[in-house]
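Trainee: Below is a structure I'd like to ask you about.
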Amino acid sequence: MCQFYTCLKNMWFLCEMSKFWAKNTRLNRPVSPHISIYKWSIPMMMSISHRGTGVALSSGISAFALAALVLPESYPYYLDLIHSMTFGPQFLAFSKFALAFPVAYHTFNGIRHLAWDLGKGFKIPEVYRSGYIVVALTVLTSIGLATM
Amino acid sequence: KMFACISFTRSAVAFRNCRTLVVSCVYEFASVSILCVCKVIIKYHKILMTFSHPRCGPMVLDALIKIKNEMDLTLTFRRSCREGICGSCAMNINGGNTLACLNKIDTNTSKVMKIYPLPRMYVVKDLVPDMSNFFAQYKSIEPYLKKKDESKQGKEQYLQSIEDRQKLDGLYECLLCACCSTSCPSYWWNGDKYLGPAVLTQAYRWMIDSRDDFIEERLSKLQDPFSLYRCHTIMNCTKTCPKGLNPGKAIAEIKKMMATYKEKRSSAI
């Protein structure tokens with residue numbers, strides 16, 4: 001009986017919400033601007049960068065796996081090929097930094113996310129402070145890894 | 001000058017018919033050095049308005065009312081209490097969602113102030129968004145006390161310790177102005193199925209109320225990929241709340257409870 005009542009209530013909410021969408025599309029109402037006008041902030045930029053680096057890293061690994069599957073030669077062949085090429089030291093350092101940066105950033109911001117999952121660090125000053133620490137650690141770690 | 005102003009206002013208030021005297025005095029007191037020279041761009045009104053006047057209240061809402069009174073009578077926006085307690089005048093000012101009645105006009109007269117409606121909402125007119133979906137989502141979490149044993153209803157107070165009452169601080173003060181929900185990018189992209197920080201904070205408020213008996217049912221209602229779990233801790237909500245509340249923290253606490261509660265079938269009546 002109680003479940004039936006709950007089911008009815010859920011149907012009512014769905015009905016209300018679908019009426020909202022139907023009415024607004026029927027009246028062809030404009031939608032207020034969001035991304036184009038909302039003020040960017042450090043936490044917002046760090047959040048989308050976390051998603052961006054995550055996508056980049058996982059697609060990079062998937063691309064590597066796909067290449068290993070598809071390319072004709074084996075891994076040692078391509079490793080020797082890269083070793084034989086001559087690159088300037090700046091290019092090597094830069095590319096090592098470019099590889100290390102997303103890994104470091106995603107890792108440190110990931111730890112920040114884990115702290116949030118524990119319920120810690122939700123006050124706005126704490127959010128900014130932890131954000132700055134993540135960025136500082138990322139830059140230092142990337143430089144450290146690039147110069148190794 | 002200020003003291004004379006205050007005393008004059010007090011005596012003048014008694015004489016409601018001397019409205020102009022009271023008004024000018026209040027403006028003098030409130031706007032000592034605040035010039036009200038600002039360009040206000042209101043996107044959906046499609047009119048660029050500039051006005052320069054030495055007498056205007058300090059808040060953005062005062063400026064909007066002044067524009068409506070003197071420049072464009074068709075300018076439409078919601079407002080009521082003018083003191084930051086009703087939540088009607090929520091809008092996007094200079095890129096952030098706040099209450100217009102609490103947002104001071106920048107005294108730097110060279111800066112342009114941009115006013116938009118709450119982001120990614122259907123616009124009824126000018127600065128007025130359609131809030132029906134937001135309110136329907138709020139109703140769906142059943143924001144009222146539910147007891148398993150209703151026999152004692154109305155006989156005496158449901159007692160609550162001081163510690164239990166303190167858990168509600170920072171949650172009950174929510175005005176449902178929708179500043180937080182409309183600042184959340186997840187709510188922008190999934191506004192139909194994701195409940196949003198405002199509604200989830202109220203869901204949490206009822207979950208941790210010691211007098212409420214239905215915490216497990218309230219938690220199980222959020223057990224799907226969208227209602228709660230579209231939150232990715234972007235933290236725009238806490239940053240923008242005009243009352244200084246922390247919806248992000250409340251949602252994190254719900255997520256913690258979701259991980260540890262045991263699903264119990266509510267007994268059939």
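Trainee: Using the Karplus curve 6.51 cos²θ - 1.76 cosθ + 1.60 with θ = phi - 60°, what ³J(HN,Hα) values do you get for each residue of segment B:234-243, in whole Hz, with x for Gly and Pro?
Mentor: Couplings: 6, 6, 5, 5, 5, 5, 9, 4, x, 9 Hz.
Trainee: For chain A, what is the mean residue ellipticity at 222 nm derived from helices alone (per DSSP H run of n ≥ 4: -39500 (n - 2.57); sum divided by total residues; nearest 500 deg cm²/dmol)?
Mentor: When only DSSP H runs of four or more count, the value is -27500 deg cm²/dmol.
Trainee: What list of ³J(HN,Hα) values in whole Hz, one per residue of segment A:27-43 in order, does the Karplus curve 6.51 cos²θ - 1.76 cosθ + 1.60 (θ = phi - 60°) give from phi, with Gly and Pro shown as x?
Mentor: 3J(HN,Hα) across segment A:27-43, in whole Hz: 7, 6, 6, x, 9, 5, x, 10, 4, 6, 10, 6, 6, 6, 9, 4, x.
Trainee: A further question on this structure: Using the Karplus curve 6.51 cos²θ - 1.76 cosθ + 1.60 with θ = phi - 60°, work out ³J(HN,Hα) for each residue of segment A:96-105 in order, rounded to whole Hz, and write x for Gly and Pro.
Mentor: Residue by residue, segment A:96-105 yields 5, 4, 5, 7, 6, 4, x, 4, 5, 4 Hz.
Trainee: For the residues A:SER58, A:SER47, B:SER110, what sequence is obtained by ranking on other C-beta atoms within 10 Å, fewest first?
Mentor: Listing A:SER58, A:SER47, B:SER110 from fewest to most nearby Cβ atoms yields B:SER110, A:SER58, A:SER47.
Trainee: Still on this structure, I have one more. Neighbour counts of other C-beta atoms within 10 Å: give me B:TYR229, A:TYR75, A:TYR105 arranged from fewest to most.
Mentor: A:TYR75, B:TYR229, A:TYR105
Trainee: Below 13 angstrom from the Cβ of A:ARG129, what's the summed charge of the other residues (Lys, Arg +1; Asp, Glu -1)?
Mentor: In short, +2.
Trainee: Cα centroids of segment A:92-148 and segment B:161-184: how far apart, whole angstrom?
Mentor: 31 Å
Trainee: Here is a further query. In whole angstrom, note down how far apart the Cα centers of segment A:25-60 and segment B:87-107 are.
Mentor: Rounded to whole Å, the Cα centres lie 22 Å apart.
Trainee: Also, quick follow-up: Fewest Cβ neighbours within 10 Å first, please rank B:VAL123, B:VAL199 accordingly.
Mentor: The most exposed by this proxy come first: B:VAL123, B:VAL199.
Trainee: Lys and Arg at +1, Asp and Glu at -1: add these up for the other residues within a Cβ distance under 14 Å of B:HIS232 and post the number.
Mentor: The answer is +3.
Trainee: Here's another thing I want to ask about it. For segment B:65-136, state what percent of all Cα-Cα pairs lands in each successive 10 Å bin, counting from 0 Å until the bin that includes the largest distance.
Mentor: P(r) over segment B:65-136, rounded to whole percents: 18, 50, 28, 3, 0.
Trainee: Let me check I've understood the local charge: for B:ARG165, count other residues with C-beta under 15 angstrom from its C-beta, Lys and Arg +1, Asp and Glu -1. What total comes out?
Mentor: -3
Trainee: Can I ask one more? Given charges of +1 on the Cβ of Lys and Arg and -1 on the Cβ of Asp and Glu, with all other atoms neutral, how large is the dipole of segment A:45-147 about its Cα centre, in debye to the nearest 20?
Mentor: Result for segment A:45-147 is approximately 480 debye, rounded to the nearest 20.
Trainee: Output needed for chain A: three equivalent-ellipsoid semi-axes, defined as square roots of 5 times the C-alpha gyration tensor eigenvalues, in descending order, whole Å.
Mentor: Over the Cα atoms of chain A, the ellipsoid semi-axes are 45, 24, 18 Å.
Trainee: DSSP loop (so not H, G, I, E, B), at most 12 other Cβ within 10 Å: list which chymotrypsin sites (Phe, Trp or Tyr not before Pro) in segment B:87-154 pass both filters.
Mentor: Answer in residue order: B:TYR144.
Trainee: Would you mind estimating how fast segment A:66-148 diffuses translationally, via Stokes-Einstein at 25 °C and 0.890 mPa s with the Kirkwood radius over Cα pairs, in µm²/s?
Mentor: Here the translational diffusion coefficient equals 159 µm²/s.
Trainee: With charges set only on the Cβ (+1 for Lys and Arg, -1 for Asp and Glu), what does the dipole of segment B:110-206 come to about its Cα centre, in debye to the nearest 20?
Mentor: 160 debye
All of the numbers you see were taken from the coordinates with simple rules; none came from a lab. Here the structure is a predicted model, which means the values were calculated and not measured. So basically every Cβ, Gly included, is an ideal-geometry build from the backbone, and we count neighbours across all protein chains shown.
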